[in-house]
Amino acid sequence: CTSVCPNQAFLTYASQPFSADLATWTVAGGRAVAGKPEKFAALQASQTAVLTDFCNECGNCATFCPTAGRPYVDKPRLYVAKSEFETQADNAFRITGAGPDRKIAGRFGGATHTLAPKGAGWEYRAPGLVVALDAQLQPTGAPDVSAPEGATLGLTPAAILATLLRGIAPEQLPAV
């Protein structure tokens, strides 16, 4: 897909293989009750993302895709403009900040989730959930929940955000 894009809207990035059993919770009595962990794996060393500001959705990448995919839709879509990012329901990501203050936001199911560095780990914020995580995305304390009773909460979006933020170098992104 990267070689057939007339607008050079794709970027490839190195991704360190990562797999983990991620925590899940169910909200009961206003508290997070631990559930069965979810497996997450991102094992491919070379990944591709779409720079939406350059993509005109011409479909060249879909025409030449060896796996019959639609890379301009299927691959992670990176946004520079916050206003455009916020109109997306899913598969939208926005990296902001510099150096140790780099953070990432992602849209999942119409809601924004964020992952920001905090000490030697991360702070993950999702609708109804705030939790401190170590570098391997394991909770370092009890999560703060405000989700409704019976809601199921998990860290798969945090793992997706971490994979993108760790792999995409600042110089690969358009200037904000």
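Among (1) among the charged types (D, E, K, R); (2) surrounded by fewer than 17 Cβ atoms within 10 Å (Cβ to Cβ); (3) farther than 30 Å from Thr140 by Cα; (4) under 13 Å from the mean Cα position of the chain (by Cα), which single condition is Asp90 missing?
Checking Asp90 against (1) among the charged types (D, E, K, R); (2) surrounded by fewer than 17 Cβ atoms within 10 Å (Cβ to Cβ); (3) farther than 30 Å from Thr140 by Cα; (4) under 13 Å from the mean Cα position of the chain (by Cα), the one that fails is (3).
Being of a type in the set (D, E, K, R) and either surrounded by fewer than 12 Cβ atoms within 10 Å (Cβ to Cβ) or farther than 30 Å from Thr140 by Cα (or both) is the requirement here; does Glu84 meet it?
On the way: of a type in the set (D, E, K, R): yes; either surrounded by fewer than 12 Cβ atoms within 10 Å (Cβ to Cβ) or farther than 30 Å from Thr140 by Cα (or both): yes.
Spelling it out, Glu84 is indeed of a type in the set (D, E, K, R) and either surrounded by fewer than 12 Cβ atoms within 10 Å (Cβ to Cβ) or farther than 30 Å from Thr140 by Cα (or both).
How many residues, within segment 42-81, are open to solvent by 60 Å² or more (accessible area, probe 1.4 Å), without any contact (Cβ under 8 Å) to a residue 24 or more places away in the chain and not in a loop (DSSP other than H, G, I, E, B)?
1
Has segment 70-77 got any residue that is within 15 Å of the chain's Cα centre (by Cα) and over 16 Å from Gln8 (Cα atoms)?
So far as segment 70-77 goes, yes, one or more of its residues are within 15 Å of the chain's Cα centre (by Cα) and over 16 Å from Gln8 (Cα atoms).
In contact with a helix residue (DSSP H, G or I) (Cβ under 7 Å, 6 or more places away or on another chain), open to solvent by less than 30 Å² (accessible area, probe 1.4 Å) and either modelled with pLDDT of 90 or more or within 23 Å of Ala158 (Cβ to Cβ) (or both) - does that describe any residue in segment 22-38?
yes
Among the listed residues Ala151, Ala120, Ala116, Ala135, identify the single one that is open to solvent by 20 Å² or more (accessible area, probe 1.4 Å), of a type in the set (A, V, I, L, M), in contact (Cβ under 8 Å) with a residue 12 or more places away in the chain and more than 20 Å from Gly99 (Cα to Cα).
Residue meeting the stated conditions: Ala151.
Keeping to segment 139-148, report how many residues are open to solvent by less than 60 Å² (accessible area, probe 1.4 Å), of a type outside the set (A, V, I, L, M, F, W, C) and touching a residue at least 24 places away in the same chain (Cβ under 8 Å). Quick ask: steps written out before the conclusion?
Here is the first cut: in segment 139-148, the ones open to solvent by less than 60 Å² (accessible area, probe 1.4 Å) are 139, 141, 143, 145, 147.
Then drop every residue that is not of a type outside the set (A, V, I, L, M, F, W, C), which leaves 139, 141, 143.
Those still in the list that are touching a residue at least 24 places away in the same chain (Cβ under 8 Å) too: 139, 143.
Qualifying residue count for the region: 2.
Let's see how each residue does on (1) at pLDDT below 95; (2) closer than 21 Å to Lys75 by Cα:
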{"residue": "Asp134", "(1), (2)": "no, no"}
{"residue": "Thr140", "(1), (2)": "no, no"}
{"residue": "Ala147", "(1), (2)": "no, no"}
{"residue": "Gly150", "(1), (2)": "no, no"}
{"residue": "Gly154", "(1), (2)": "no, no"}
{"residue": "Ala159", "(1), (2)": "no, yes"}
{"residue": "Gly167", "(1), (2)": "yes, yes"}
{"residue": "Glu171", "(1), (2)": "yes, yes"}
{"residue": "Pro174", "(1), (2)": "yes, yes"}
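Could you check Ser3 against (1) open to solvent by 60 Å² or more (accessible area, probe 1.4 Å); (2) hydroxyl-bearing (Ser, Thr, Tyr); (3) in a strand (DSSP E or B) and say which number it fails?
Failed condition: (3).
Kindly establish whether Asp101 is more than 19 Å from Ala34 (Cβ to Cβ), surrounded by fewer than 17 Cβ atoms within 10 Å (Cβ to Cβ) and either out of contact with any helix residue (DSSP H, G or I) (no Cβ under 8 Å at 6 or more places or on another chain) or of a type in the set (Asp, Glu) (or both).
Answer is yes for this residue.
If you check Ala34, Ala28, which single one turns out to be without any contact (Cβ under 8 Å) to a residue 40 or more places away in the chain, among the small types (Gly, Ala, Ser) and within 30 Å of Val145 (Cα to Cα)?
Ala34
The values are calculated or read from the model by the stated rules, or taken from the named source; none is laboratory data. No experiment lies behind these values; they were computed from the predicted model shown. Glycine gets a Cβ as well: all are built from the backbone with ideal geometry, and neighbour counts include every protein chain shown. Accessible surface areas use protein heavy atoms only, side chains included; no ligands, DNA or RNA. Shrake-Rupley method; radii C 1.70, N 1.55, O 1.52, S 1.80 Å.
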